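Student: Okay, here's the structure, questions in a sec.
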Amino acid sequence: MMMLGLGSVGLVLLSLAVQSGHGAQDSAVWSREETTERNYYTRYHNMSEITAWMEQMKRENPDVVSSMVYGQTYERRNITLLKIGLSSTVRKKAIWMDCGIHAREWIAPAFCQYFVREILRTYKTDTKVNEMMKNLDFYITPVLNVDGYIYSWHNESTRLWRKSRSPGTGGCTCYGTDLNRNFYANWGMVGVSTDCCSETYCGTKALSESEAWAVTDMLGKMREDILAFLTIHSYSQLILVPYGHPNISAPNYDELMEVGLGAAKAIKAVHGMDYTVGTSPDVLYANSGSSRDFARLIGIPLSFTFELRDKGEHGFELPEDQIQPTCEEAYAGAQHIITYTHDKAFYSYAATVTATLWTTLLAAWVSSAILL
Amino acid sequence: MDGLLFSDLTVWSMDWTLLILLVVPTVVHGNPTVTVRTGSGPPVGSNQHPNSVPLSEDTQTTTEVREVVVEEVMMTGMLNPSHYPARRAATVVQHYLNTRYGSPYRWIFLSKVHSGSAEDVAEMRKYQLELTMQEIISNVSGQCSAELLFPGGEGQSAPQVQASCEGLLQSNTTAQEEAFYQQHRASNNMVSGNDIPDSYGHMEPNMKPFWHLGGVASSFIMLRESNESTLYNMAQVANFTQLETEKDQLRVNYHVLLHEMISQEIIHWKLLVTWSPEQGVQVLQTELQPKCHNCEAPPNTTN
């Protein structure tokens, strides 16, 4: 009888521990400092503010945040990422996220900032986030197209700039190449323009743009470690899977769709917003030379483009009061993908089989004990 | 004695079994929804050359400036509601509905495509769609059935749309429209504004009806310019200027920026718009603005 009592107490304690630890969100009361900080993430920020913010993230979290300059823009500005993760003696797997490859999509850098803040805010108390920070490093580029982003802040007439700021060549007087058509992934084949004045100008050749080259270089160096690649855009509320060419399928298309649909479901659970999932040629338009396609081509298995809010009402000029809800839902979507990626790598198929065997064995033991 | 020992043992083993059963799954858990497939990805470190895909027969390498498009195979039969052909056609229906029913207090957007089909009819492309549309000021939604005809050939004529909706126009906008009309019809204080919304997505409350009106007026252009390879939204009212009221119609000059999704272009248009609660929105003139400074402006289009 005493054994039974002890066993029950143990069970109760165990179930409590399991419930509270696994992915639970803490509902702490905000301190005054934190509230001001929270208001920061409901506004758009120019490049110098974002640069200062990156420094602040490093200063406030020196044991988990470092930065890396991994390239230069046309106008010779640094392209910087934040590397976030618990330090380790062994080489770690990685998640890549970049925002702001298209200058006018301001909600994207806002999301990168939100994402960083969120994992830094929760990794000490949320066991799942903590586990992922332990096993993975997050490589996050808040603004990839720095020149374009700065240009879009110049005045109201430049707000809708999309491309890089490199000058046209061969007598063409317009500026800029579409960075998301400039990667070495079926470059120049479909959904591009060869007119340098066009918004989808793919450049004089693949990787003509130093920004695209910087990403290519980093991904190339890290490609055996990167488990998932997320590139953040707006607008249209879509989750796009490779490839942009209508005649080419990713070998793990089924997996990509399954994970993407899971992410869309997680997004909808937050504020009811519908995000459509599919390849770009299916749900949007055919295109080539995208960073997402390049990532998949070099072997990164899970590669997604997020197109955030809205569906055309405000378009690129999403009101600041929608920054928070947009970031909350996108965070849920991104976390779904990252959790899947993490668990697939660290809780392998073999372990699942072992667990099944264990359970079967014990079930047999229990039933035999009852029968005796 | 033996019996007592035996039952103790049973209970003890059950306790531990239950404990282990609880512990093991929580410590070692795979994602239950994942089915592992053999050979589900390319070998890591694959040496496949990124460009080693068969060149589509449709692409030609010439030195002239052109849009590179793989010739789109036009979907026929039942359409996937989440794929682009149905959504582009549905957006055309959205533009049509705004030209018919839009006002400073009524602006309609596509909410969901339920089903659709497409077929070739003579030289034309005919779509049938079941949609949910939403009036975004009152948040009222309604079900719509629509039929569209995209003209074939090289002609640039507008698509023809027929649509009937249930419940979409429920909201009573009469009072607001009347108040807005009375407020602005007198000629002593002409309103104007610019950058609506501004870079931060913000606009003053008194600018909102002019934003809606600009969007509705833009729908006339977007409807006219639409085909199966376009998807239009109004990106911004660059500026508007109210002119003298004429024949009881409010008159406003607009400069709008349209975003065409497939080309990603921002297209500038100027429009002359009239409105009254009775007559609705009318667009008297439209003028495409040049993209670059030293380009020639195309001729006016008078409707």
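Student: Can you give the FRET efficiency for B:SER164 and B:ASN206, using 1/(1 + (r/R0)^6), R0 = 41 Å, r = Cβ-Cβ distance, to the nearest 0.05?
Tutor: Numbers: r = 35 Å, r/R0 = 0.84.
Once rounded, the FRET efficiency stands at 0.75.
Student: Mind telling me which of A:THR125, A:THR89, A:THR51 comes out most flexible in a GNM of chain A, alpha-carbon contacts under 10 Å?
Tutor: A:THR89
Student: Now a separate question. What percent do you get for the relative contact order of the stretch A:219-372 when only Cα pairs under 8 Å and 6+ apart count?
Tutor: Details: 214 pairs, mean separation 52.1, N = 154.
Value for the stretch A:219-372: 34 percent.
Student: On average, how many beta carbons from a partner chain sit within 10 Å of the beta carbon of a residue in B:231-242? Walk me through the intermediate numbers first.
Tutor: Values: counts 4, 1, 9, 4, 8, 7, 0, 2, 1, 0, 0, 0.
Whole-number average of other-chain Cβ neighbours for B:231-242 is 3.
Student: Can you give the average number of partner chain beta-carbon atoms within 10 Å of each beta-carbon in peptide A:97-104, as a whole number?
Tutor: That average works out to 1.
Student: Anyone know which of A:GLN324, A:GLN113, A:GLN56 comes out most mobile in the 10 Å Cα GNM of chain A?
Tutor: Fluctuation is largest for A:GLN56.
Student: Next question. If you restrict to DSSP beta bridges whose two residues both lie in the stretch A:177-317, what percentage is antiparallel, to the nearest 5? Display every interim value, and only then the final one.
Tutor: Numbers: 3 of 15 bridges.
Just about 20 percent of them are antiparallel.
Student: State the extension gain, in nm to one decimal, for the chain segment bounded by A:ASN61 and A:THR169, taking 0.36 nm per residue of separation less the distance between their alpha-carbons. List each step's numbers first, then the result.
Tutor: Working: separation 108, 0.36 × 108 = 38.88 nm, distance 4.44 nm.
So the chain would gain 34.4 nm between A:ASN61 and A:THR169.
Student: Using label points projected 7 Å from each Cα along Cα→Cβ, tell me how many nm separate B:SER157 and A:TYR253, to one decimal.
Tutor: For the pair B:SER157/A:TYR253, the computed spacing is 3.8 nm.
Student: While we're looking at this one, here's another question. Work out from phi, with θ = phi - 60° and the Karplus expression 6.51 cos²θ - 1.76 cosθ + 1.60, the ³J(HN,Hα) of each residue of the stretch B:121-135, listed in order in whole Hz, and give x for Gly and Pro.
Tutor: Calculated HN-Hα couplings, in order: 10, 6, 8, 10, 10, 10, 10, 10, 9, 10, 9, 10, 10, 10, 7 Hz.
Student: Counting only other chains, what is the mean number of Cβ atoms within 10 angstrom of the Cβ of each residue in peptide A:272-279?
Tutor: Working: counts 0, 0, 3, 0, 6, 1, 4, 1.
Average per residue, whole number: 2.
Student: Counting alpha carbon pairs within less than 8 Å and at least 6 residues apart, what relative contact order, in whole percent, applies to the stretch A:50-163? Intermediate results must be reported in sequence, preceding the final value.
Tutor: Values: 190 pairs, mean separation 35.9, N = 114.
Once divided by the residue count of the stretch A:50-163, the mean separation gives 32 percent.
Student: Name the cysteines of chain A that stand alone by the Cβ rule: no other cysteine Cβ under 4.7 angstrom.
Tutor: For chain A, the answer is A:CYS202, A:CYS327, because their Cβ atoms have no other cysteine Cβ under 4.7 Å.
Student: Running a GNM on chain A with Cα contacts under 10 Å, which residue among A:TRP153, A:TRP187, A:TRP53 ends up with the highest mean-square fluctuation?
Tutor: Evaluated over chain A, the most mobile residue of the options is A:TRP53.
Student: Tell me, what HN-Hα J-couplings in whole Hz come from the Karplus equation 6.51 cos²θ - 1.76 cosθ + 1.60 at θ = phi - 60° for each residue of the stretch A:128-145, using x for Gly and Pro?
Tutor: Result, ordered by residue: 5, 4, 4, 4, 5, 5, 6, 8, 10, 10, 9, 10, 10, 9, x, 9, 8, 8 Hz.
Student: Now for a different question. I'd like the antiparallel share, as a percent to the nearest 5, of DSSP beta bridges with both residues in chain A. Walk me through the numbers on the way to the answer.
Tutor: Values: 14 of 38 bridges.
Here the antiparallel bridges make up roughly 35 percent for chain A.
Student: If the cut-off is 29 Å between C-alpha atoms, which lysines fall inside it for A:LYS163, apart from same-chain ones fewer than 8 positions away?
Tutor: Cross-link targets: A:LYS83, A:LYS205, A:LYS221, A:LYS311, B:LYS270, B:LYS291.
Student: Also: Against the longest alpha carbon principal axis of chain A, how many degrees, from 0 to 90 and to the nearest 10, is the axis of helix A:47-60 turned?
Tutor: 30 degrees
Student: Sequence gap at least 6, Cα distance under 8 Å: using those rules, report the relative contact order of the stretch A:260-308 to the nearest whole percent.
Tutor: Numbers: 24 pairs, mean separation 10.7, N = 49.
Taking the mean separation of contacting Cα pairs over the length of the stretch A:260-308, I get 22 percent.
Student: Right, next: Assuming R0 = 30 Å, what is the FRET efficiency of B:SER192 and A:THR42, from their Cβ-Cβ distance, to the nearest 0.05?
Tutor: On the way: r = 30 Å, r/R0 = 1.01.
Taking R0 as 30 Å, the efficiency between B:SER192 and A:THR42 is 0.50.
Every read-out reported here was derived from the displayed coordinates using simple, explicitly stated rules and does not represent laboratory data. In this text, all values refer to a predicted model and were calculated from it rather than measured experimentally. Note that we place each Cβ from the backbone using ideal geometry, even for glycine, and neighbour counts take in every protein chain shown.
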